[in-house]
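Everything on this sheet refers to the single structure shown next.
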Amino acid sequence: MRVTSTDWSGYGAMHRPWNTEVIREDLRRILKKEYPEEDIVIDYVPKEKEGDYYTNLAFKIASREGAKPDEVANMIARQIQDPIIKRITVHPPAFINFTLNEEYLYEQMSKDRILDIGEGKRILVEFVSANPTGPINIVSARAAAVGDSLVRMLKKAGFNAYAEYYVNDAGKQAALLAESVRQRKIEISGGEAHIPENGYHGEYVKEIAVEVIARGLENQDDIKKYSIEYFIKDHQRVMRRFGVEFDVWTLESDLYRQKYVDKALGLLKEKNLTYTEEGALFFRTTTFGDDKDRVIVTSDQRNTYLLPDIAYHLNKLERNYDQLIDIWGPDHHGRIKGILGGIQALGFSADVLRIMIVQEVKIKEHGKLMTMSKRAGTFASLSDLLEKIPIDVARFFFLMRSSSQHLDFDLDLALKQSDENPVYYVQYAYARIKSIIRFAAQKGIDLPEKPNASLLKQEEEFDLMKDILKYTEVLSDAVHNLEPYMITYYLIELARDFHSFYQKHRVVTDDTQLTQSRLYLISRTAQTIKDGLELLGVSCPEEM
RNA sequence: ACCCCUGUAGCUCAGCUGGAUAGAGCGGCGGUUUCCUAAACCGCAGGCCACCCGUUCGAGUCGGGUCAGGGGUACCA
């Protein structure tokens with residue numbers, strides 16, 4: 001099975017028509033009228049080639065019918081006619097290229113296209129969910145950026161999307177933290193610390209021990225409660241600082257209190273999907289395609305993570321979401337089959353949950369990759385990273401790569417405040433536009449309500465118009481693939497096209513009509529940049 | 001031993017349902033400012049898409065194999 005996000009079952013594959021107002025859908029509809037049975041693919045024409053969009057329809061038909069592709073292409077080209085298409089050209093071997101009508105572009109540009117592919121469906125994105133036993137690490141930071149951006153994108157695309165953080169406060173790790181703190185407390189009081197083998201050795205444990213002493217906490221439960229809460233608060237604070245808001249924080253301990261764990265266990269037993277072996281209770285995940293069955297209750301009667309995890313997903317499903325998305329770190333990929341098995345065991349389709357694995361992050365400084373072990377690395381935690389670089393830069397960099405890709409975080413580049421840093425490149429385009437609009441206002445030229453768009457005839461102007469219209473298509477692709485980096489790439493491209501335009505053509509001139517048309521064009525550009533940066537959770541300053 | 005991710009320009013990466021002469025940023029070299037922000041723009045150099053086999057009219061993209069790097073493989077999460 002495929003764990004990364006390309007095929008989003010339940011919402012249709014990308015080539016299927018979406019309920020969206022985008023240009024390539026207009027083209028698809030036109031072709032569909034003549035070829036209702038065909039699976040029509042519309043893509044962008046490479047730069048430097050004639051036309052804006054193309055289809056490979058002729059190849060498909062020719063291949064199936066044993067005809068010559070170029071003849072089929074010419075036949076199709078003769079057949080298709082529509083006001084939005086200025087010109088259809090056939091290029092060897094058999095591409096059919098469409099050049100859009102300028103009038104259509106002018107008209108589309110002044111139209112607000114709203115993307116609604118979610119149709120109000122309820123979708124829950126759970127991410128970060130770091131154990132409350134230490135600071136937020138870099139991979140979790142990346143997951144935070146990706147998850148938060150995803151929620152913003154989904155909302156923009158018409159979903160009712162919610163962000164959730166799950167806190168493992170009841171398991172073995174929490175107990176280990178408490179014991180580690182207690183040992184440090186003994187040490188501070190003059191005794192010898194016996195930290196458990198798998199316990200927590202970080203410096204921060206000592207700090208908590210000091211706090212615990214100051215509060216006079218003695219028994220294990222109180223120490224545990226204090227330590228866990230310490231990190232929950234820490235995580236909440238850091239997430240807020242990073243600009244990530246969660247709608248719901250769910251505690252594992254609450255799932256126990258509300259009997260969800262008992263309920264899940266009962267359901268599994270009831271369906272005869274468990275058995276006992278050597279004192280441990282196994283869940284038959286092999287029924288659902290796992291390579292071996294998994295233990296859910298250990299021989300010493302403790303629950304493994306899988307049982308409360310299944311209970312948690314039962315809890316989520318009972319809250320009536322149409323779709324669940326979990327974002328996990330690379331070290332958790334081994335859990336996928338277990339949890340999907342659990343969901344199916346509870347009677348749901350495996351499709352209701354999509355699990356994204358966000359790959360690891362390495363920090364690169366002075367051309368060298370730094371290890372990020374808590375012992376050696378300075379950048380073990382998100383807070384450490386944010387001490388060094390601005391939030392905008394951190395978020396943008398985390399969203400520059402597809403999430404299934406290992407990420408090398410180039411700290412030197414991130415620290416550069418000018419030139420090469422792509423964050424500022426995009427922000428600068430926006431600030432520049434705002435500056436031009438202010439300049440025009442000083443000269444007494446205001447943004448027009450309805451500009452005379454037909455004055456825009458330059459190549460760079462058409463490039464910008466097409467970019468702006470492409471925005472909803474990019475958003476649609478990004479949502480479908482659950483990949484925010486597509487937005488990032490698009491914004492860099494849009495900024496580049498604006499900077500090129502700026503260099504070549506003056507906006508504010510004595511020609512008031514043309515000035516107004518161009519003001520309108522660049523203000524639409526600015527609006528698009530701002531919208532896109534908001535999806536990434538990156539700020540958009542008016543001046544730089 | 002098994003599982004996951006990855007292998008495209010000097011470096012970091014795009015290239016989505018197979019389609020045109022494989023793209024961008026950074027780095028390198030060379031240019032651009034009496035004018036709305038030079039945090040910008042323009043040009044040049046740089047690639048046997050790890051390798052082999054297969055499917056196909058067509059493969060960086062799909063399938064099989066090999067090699068290499070990273071991560072994970074508890075009755076931890």
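Brief remarks follow.
- Residue satisfying condition, being touching a residue at least 12 places away in the same chain (Cβ under 8 Å) and away from RNA strand B (no atom under 11 Å from the Cβ), within set A:Phe439, A:Phe398: A:Phe398
A quick yes/no check of all residues on (1) of a type in the set (A, V, I, L, M); (2) touching a strand residue (DSSP E or B) at 6+ places or on another chain (Cβ under 8 Å); (3) near RNA strand B (Cβ under 7 Å from one of its atoms):
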site	(1), (2), (3)
A:Ala311	yes, no, no
A:Lys316	no, yes, no
A:Tyr321	no, yes, no
A:Ile325	yes, yes, no
A:Arg335	no, yes, yes
A:Ile339	yes, yes, no
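- Scanning region A:473-499 for residues that are under 14 Å from A:Tyr44 (Cβ atoms), modelled with pLDDT under 90 and not charged (D, E, K, R) returns a single hit, A:Ser476.
- Across region A:37-49, the number of residues qualifying as part of a strand (DSSP E or B) and more than 30 Å from A:Asp463 (Cα to Cα) comes to 0.
- Listed by first and then second residue, the pairs with beta-carbon distance under 6 Å, at least 6 apart or on different chains, first residue in region A:273-300 and in contact (Cβ under 8 Å) with a residue 60 or more places away in the chain, second near RNA strand B (Cβ under 10 Å from one of its atoms) and hydrophobic (A, V, I, L, M, F, W, C), are A:Phe283/A:Ile296.
- Among the residues of region A:160-184, the ones that are more than 30 Å from A:Glu119 (Cβ to Cβ) and free of Cβ contacts under 8 Å to residues at least 60 places away in the same chain come to 12 in all.
- Taken over region A:389-414, the criterion of being outside any loop (DSSP other than H, G, I, E, B) and out of contact with any strand residue (DSSP E or B) (no Cβ under 9 Å at 6 or more places or on another chain) is satisfied by A:Ile391, A:Asp392, A:Val393, A:Arg395, A:Phe396, A:Ala414.
- Of all residues in region A:108-129, those satisfying the criterion of being under 18 Å from the mean Cα position of the chain (by Cα) and crowded, with 17+ Cβ neighbours inside 10 Å are A:Leu115, A:Ile117, A:Gly118, A:Ile123, A:Leu124, A:Val125, A:Glu126, A:Phe127, A:Val128, A:Ser129.
- Looking across A:Lys269, A:Lys263, one residue alone is of a type in the set (Lys, Arg), surrounded by 12 or more Cβ atoms within 10 Å (Cβ to Cβ), closer than 19 Å to A:Gly347 by Cβ and within 36 Å of the chain's Cα centre (by Cα). It is A:Lys263.
A quick yes/no check of all residues on (1) more than 30 Å from A:Gly147 (Cα to Cα); (2) surrounded by 15 or more Cβ atoms within 10 Å (Cβ to Cβ); (3) not basic (Lys, Arg):
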| residue | (1), (2), (3) |
| --- | --- |
| A:Glu218 | yes, no, yes |
| A:Phe231 | no, yes, yes |
| A:Met239 | no, yes, yes |
| A:Val244 | no, yes, yes |
| A:Asp247 | no, no, yes |
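- Across region A:510-541, the number of residues qualifying as loosely packed, with under 13 Cβ neighbours inside 10 Å and within 20 Å of A:Leu464 (Cα to Cα) comes to 1.
- Verdict on A:Tyr520 being in a helix (DSSP H, G or I), touching a Pro at 6+ places or on another chain (Cβ under 9 Å) and touching a residue at least 24 places away in the same chain (Cβ under 8 Å): yes
- Condition check for A:Gly329: over 30 Å from A:Gly120 (Cβ atoms), surrounded by 18 or more Cβ atoms within 10 Å (Cβ to Cβ) and more than 12 Å from RNA strand B (Cβ to nearest atom): no
- Of the residues A:Met465, A:Met544, the single one that is surrounded by fewer than 18 Cβ atoms within 10 Å (Cβ to Cβ), in contact with a helix residue (DSSP H, G or I) (Cβ under 8 Å, 6 or more places away or on another chain) and at pLDDT below 95 is A:Met544.
- Residues that are within 21 Å of the chain's Cα centre (by Cα), more than 15 Å from RNA strand B (Cβ to nearest atom) and crowded, with 20+ Cβ neighbours inside 10 Å were ranked within region A:344-393; the one that is modelled with the lowest pLDDT is A:Ser381.
- Enumeration of residues in region A:442-457 that are part of a helix (DSSP H, G or I) and either buried (at least 18 other Cβ atoms within 10 Å of the Cβ) or in contact (Cβ under 8 Å) with a residue 60 or more places away in the chain (or both): A:Ala453, A:Ser454, A:Leu455
- Answer from A:Arg237, A:Arg215, A:Arg241, A:Arg257 - the residue that is within 30 Å of A:Val538 (Cα to Cα) and free of Cβ contacts under 8 Å to residues at least 24 places away in the same chain: A:Arg237
- Residue match in region A:458-467 (condition: in a loop (DSSP other than H, G, I, E, B) and of a type outside the set (Ser, Thr, Tyr)): yes
- Identity of the residue in region A:53-107, of a type in the set (Phe, Trp, Tyr) and surrounded by fewer than 20 Cβ atoms within 10 Å (Cβ to Cβ), that ends up farthest from RNA strand B (Cβ to nearest atom): A:Tyr106
- Considering A:Val151, A:Val125, the condition of being touching a helix residue (DSSP H, G or I) at 6+ places or on another chain (Cβ under 7 Å) and either of a type in the set (Val, Ile, Thr) or on the phi > 0 side of the Ramachandran plot (or both) is satisfied by A:Val125 alone.
- Residue within region A:481-502 that is within 9 Å of RNA strand B (Cβ to nearest atom), over 20 Å from A:Gly243 (Cβ atoms) and among the polar types (S, T, N, Q) present: yes
- Exactly one residue out of A:Ala175, A:Ala170, A:Ala145, A:Ala141 is among the aliphatic types (A, V, I, L, M), part of a helix (DSSP H, G or I) and surrounded by fewer than 22 Cβ atoms within 10 Å (Cβ to Cβ): that is A:Ala175.
- Verdict on A:Glu473 being outside any helix (DSSP H, G or I) and either β-branched (Val, Ile, Thr) or within 13 Å of RNA strand B (Cβ to nearest atom) (or both): no
- Residues in region A:398-435 that are within 15 Å of the chain's Cα centre (by Cα) and crowded, with 24+ Cβ neighbours inside 10 Å: A:Phe398, A:Leu399, A:Ser403.
The values are calculated or read from the model by the stated rules, or taken from the named source; none is laboratory data. These numbers come from a predicted model, not from an experiment. Cβ coordinates were reconstructed from backbone atoms using ideal geometry, including for glycine residues, and neighbour counts include every protein chain displayed.
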